[in-house]
Amino acid sequence: MNIPRLLPYPHQHFLKGLLRTPFRCYHFIFPSRTHLGSETPRAQPFNSPGLHRTKLMLLSNGLERKLCVQTTLKDHTEGLSDKEQRFVDKLYTGIIQGQRACLAEAITLIESTHSRKKELAQVLLQKVLVYHREQEQLNKGKPLAFRVGLSGPPGAGKSTFIEYFGKMLTERGHKLSVLAVDPSSCTSGGSLLGDKTRMTELSRDMNAYIRPSPTRGTLGGVTRTTNEAILLCEGAGYDIILIETVGVGQSEFAVADMVDMFVLLLPPAGGDELQGIKRGIIEMADLVAVTKSDGDLIVPARRIQAEYVSALKLLRKRSEVWKPKVIRISARSGEGISEMWDKMKEFRELMLASGELTAKRQKQQKVWMWNLIQESVLEHFRTHPMVREQIPLLEKRVLVGALSPGLAADFLLKTLKAETNTI
């Protein structure tokens, strides 16, 4: 195929024609601000600023066709000013050196909703991700950190457990990071962020880092940026990451998509085993721990343990190498905490040896990518000028009953689609 003949084509016809043609490999240059379908590719030097390199590889037999867009770290950093570049470099250097102040500042940056700070956060995350991959390769491809999600109803003793459990881990030479998620108020929008006050001993430990974050209305008991905060903590050298979730019950499935092991903490008076199945959260648990198993609550704790053991037998098997366990613990007396850690280590070793842990993490990355896409598309939809003009009018008509919510939604979507097609 004659390459100059392709250049005047719009992107859609350009790519379609290219995919029908058997040839080996070509490189094309697209302006970095251009979206497929909006402008013609131009022949420019590869080292031109503001360009993305698109590598189109087609094998001559036509069986395998891959379109791989390779965006280097240099592409991300080209638009930064000197001050912004120094700021990102300072945070990156501090993180990999294990400085808690830089880690805290970096997490604040990724939690920001400011558009420019979001761009800086992605540059920083990309640098940390490259460093993280290099460290994993030095570790023979094994994950550097063990990610554990903790969930349970309010009052189950999650913060008390983390205090005792965290101190035990740091005494054994581990570096622990706790990402404690607090619910934001539906009325005021504020959040107490008070979990750290209940972990006084652990918060003073130099080998532990506790970061409370508000949900800001995010469903699933985790914040939008929890996954990115996990990556930063791992880059800072923390080998155990605990994510303590809100504890709202049925909407806690999001945390299971970002951790290696999901631990459910239940108080002794949490209802029978049918209540656990009804909530649905028991299906996600790799380990169930009945808390407060001391004093007068030992007998109820044993009964709940037996009920959940029988309940777990009814659930579908999720792993070929691991069956969920039910244990009793007491953060006050320390009973069962060490045995619980042994079970968690056993789980990690079995999952690593079978390859399930690696596959699980890969699947989680894909799920999280689509979650972010959904969020970004919704934000784009809300802020689109044509849609934004129509929203108040349609909302008013829906409120007075003149228009059904479904028709109003269809009208807004058609408005966006019509506007997009005219561009």
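Tally time: how many residues in segment 112-126 are open to solvent by 60 Å² or more (accessible area, probe 1.4 Å), of a type outside the set (Val, Ile, Thr) and either free of Cβ contacts under 8 Å to residues at least 12 places away in the same chain or on the phi > 0 side of the Ramachandran plot (or both)? Count: 5.
Number of residues in segment 207-245 that are β-branched (Val, Ile, Thr) and either at pLDDT 65 or above or not in a loop (DSSP other than H, G, I, E, B) (or both) equals 8. Out of 109, 91, 129, one residue alone is surrounded by 14 or more Cβ atoms within 10 Å (Cβ to Cβ), in a helix (DSSP H, G or I) and in contact (Cβ under 8 Å) with a residue 40 or more places away in the chain. It is 129.
The conditions of being touching a residue at least 60 places away in the same chain (Cβ under 8 Å), open to solvent by less than 60 Å² (accessible area, probe 1.4 Å) and among the β-branched types (Val, Ile, Thr) are not met by residue 304. For residue 302, the test of being of a type in the set (D, E, K, R) and not assigned by the TED database to the domain that holds residue 147 is failed. Could you tell me whether segment 402-413 includes any residue that is of a type in the set (Asp, Glu) and exposed (fewer than 15 other Cβ atoms within 10 Å of the Cβ)? The answer is yes; a qualifying residue exists. Residue selection: residue 356 fails the criterion of being open to solvent by 60 Å² or more (accessible area, probe 1.4 Å), of a type outside the set (S, T, N, Q) and at negative phi.
Would you confirm whether or not segment 366-374 contains a residue that is over 20 Å from residue 170 (Cα atoms), in contact with a Leu (Cβ under 9 Å, 6 or more places away or on another chain), open to solvent by 50 Å² or more (accessible area, probe 1.4 Å) and assigned to a helix (DSSP H, G or I)? Checked against the condition, which is being over 20 Å from residue 170 (Cα atoms), in contact with a Leu (Cβ under 9 Å, 6 or more places away or on another chain), open to solvent by 50 Å² or more (accessible area, probe 1.4 Å) and assigned to a helix (DSSP H, G or I), segment 366-374 yields no hits at all.
So which residues in segment 69-97 are at pLDDT below 90 and out of contact with any Leu (no Cβ under 8 Å at 6 or more places or on another chain)? Hits for segment 69-97 are 69, 70, 71, 72, 73, 74, 76, 77, 78, 79, 81, 82. Condition first: open to solvent by 60 Å² or more (accessible area, probe 1.4 Å) and in contact with a helix residue (DSSP H, G or I) (Cβ under 8 Å, 6 or more places away or on another chain). Can you find one or more residues in segment 332-347 that meet it? Yes, some residue in segment 332-347 is open to solvent by 60 Å² or more (accessible area, probe 1.4 Å) and in contact with a helix residue (DSSP H, G or I) (Cβ under 8 Å, 6 or more places away or on another chain). Restricting attention to segment 112-126, the residues that are outside any helix (DSSP H, G or I) and either within 17 Å of residue 210 (Cβ to Cβ) or among the β-branched types (Val, Ile, Thr) (or both) add up to 1.
The values are calculated or read from the model by the stated rules, or taken from the named source; none is laboratory data. Note that the structure is predicted; figures quoted are calculated from it, not measured. With ideal geometry, Cβ positions are generated from the backbone for all residues, glycine too; neighbour counts draw on all protein chains shown. When the accessible area is computed, the model is the full protein with side chains, heavy atoms only, and any ligands, DNA or RNA have been set aside. Shrake-Rupley method; radii C 1.70, N 1.55, O 1.52, S 1.80 Å.
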